[in-house]
1. Under a point spin-label approximation (7 Å from Cα along Cα-to-Cβ), what is the residue 144-residue 69 distance to one decimal in nm?
2. Consider the candidate values (1) 25.9, 97; (2) 21.7, 76; (3) 23.6, 84; state which one is Rg and Dmax of the Cα atoms in Å computed from the structure displayed.
3. Which one, 282, 256, 305, is farthest towards the positive end of the dipole of the stretch 190-308 when Lys and Arg carry +1 and Asp and Glu -1 on their Cβ?
4. Springs between alpha-carbon pairs under 10 angstrom, Gaussian network model over the chain: which of 153, 187, 22 fluctuates most?
5. Per the 1.4 Å probe, what fraction of the accessible area of the chain, in percent, lies on carbon and sulfur atoms?
6. Long-range amide H contacts for residue 57: which residues qualify at under 5 Å (H placed 1.01 Å from N, peptide plane, sequence gap of 5 or more or a different chain)?
7. What distance in nm separates the two pseudo spin-label positions at residue 185 and residue 219, each 7 Å out from Cα along the beta-carbon direction?
8. Would you calculate, for the chain, the mean residue ellipticity at 222 nm contributed by helices, counting each DSSP H stretch of 4 or more residues as -39,500 (n - 2.57) and dividing by all residues, to the nearest 500?
Amino acid sequence: MSNSGLVASPSQARELYLARLRTFVREPGILFWVFGFPLLLALCLGLAFRHRGPEKWLVAVEAGPDAESTRAALAASASIEPSISTAIDAGRRLDHGEVVLVVRPGVAPSLSFDATRPGATAAASAVRDALERAAGRKDVLAVAVVPVTAPGRRYIDFLIPGLLGMGLLGGGLWGVGYEIVGMRVKRLLKRFTATPMSRPLFLGSFVVHRLAIAVVETAFLLTFGYFLFDVEVRGSIVGVFATALLGGVAFAGLGLAIASRARNLETANGLMNAATLPMWMLSGVFFATSNFPEWMRPLIDALPLTALNDALRAQMGDGASLFACAGPLGILAAWGVVSYAVALRWFRWQ
């Protein structure tokens, strides 16, 4: 009995390999995750943390009689980048994650930081060392440590609004766009051509459904943050929900626009990843957008996730009103209107 069916010839092995290679090259989603995503991640994080040599800790020095000498002492360290701010502005920058630590100058300087924030403890050690070297003391300089534990000023208070925004973005794009493309692939949309169903009504039903889910999602995360980490909402809870719903509308509209012409799940997957991943990295979910170069800020501030995160943090952490967040809310509204208009114009049943 011949065993030719069990042992592959060199030509068969070559053809099988070439078939796998062609399949790999023709899948944009696979190419993106293998080559595009690592490059995009390296580019974004490289721009955000672009300091050469030792990592520099961003430190705020409270304005006062000894502020300049303290700033100069800290600037002598290769790992610290100090700047002078008023007491109110220094506290705000610490709350928003723009600095990792605040120094109050004096004979016995004090350091304010949140030990749960990544790098805060290491930054405090570097600041203490720099102050001791500048003082020229052989003994340990008396430095008071004022831990930041009050709700509203911890890293978790910065993180929860970002995670809420990220969840609303993912739900809007994947929960809406992916479902529509799936219906098109299964030829379910084609059946609506024989019905009096209108496109605005059909697409609007997805938006309404997404808003209902957004209410539950927002309530769940806010409750989770409050009971487990004592994350409070300093502003109006109604305003926070209204902001979250506006974000849900904007992201649902973006999902509709992406799904309006996508013919298969692979294309939709690539387009949705191309829309979500840059915002996850650029829009200040895990760290402040101030880490990026100034020339990138107009682009970053125009992203819908940046606007949503800024509005949520202003209301939850600073107690800002909806009127005070008019700028970010206007950006969100513009994204929702334009995305929905594009979806209505481009959408096809087949």
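1. 1.9
2. The listed entry that was calculated here is (1).
3. 256
4. 22
5. Carbon plus sulfur share of accessible area: 66 percent.
6. For residue 57, the qualifying residues are 80, 81.
7. Result for the modelled spin labels: 3.3 nm.
8. After summing the helix terms and dividing by residue count, I get -19000 deg cm²/dmol.
The values are calculated or read from the model by the stated rules, or taken from the named source; none is laboratory data. What you see is a predicted model, and the numbers here were worked out from it, not measured in a lab. Note that we place each Cβ from the backbone using ideal geometry, even for glycine, and neighbour counts take in every protein chain shown. With ligands, DNA and RNA removed, areas are computed over all heavy atoms of the protein, side chains included. Shrake-Rupley method; radii C 1.70, N 1.55, O 1.52, S 1.80 Å.
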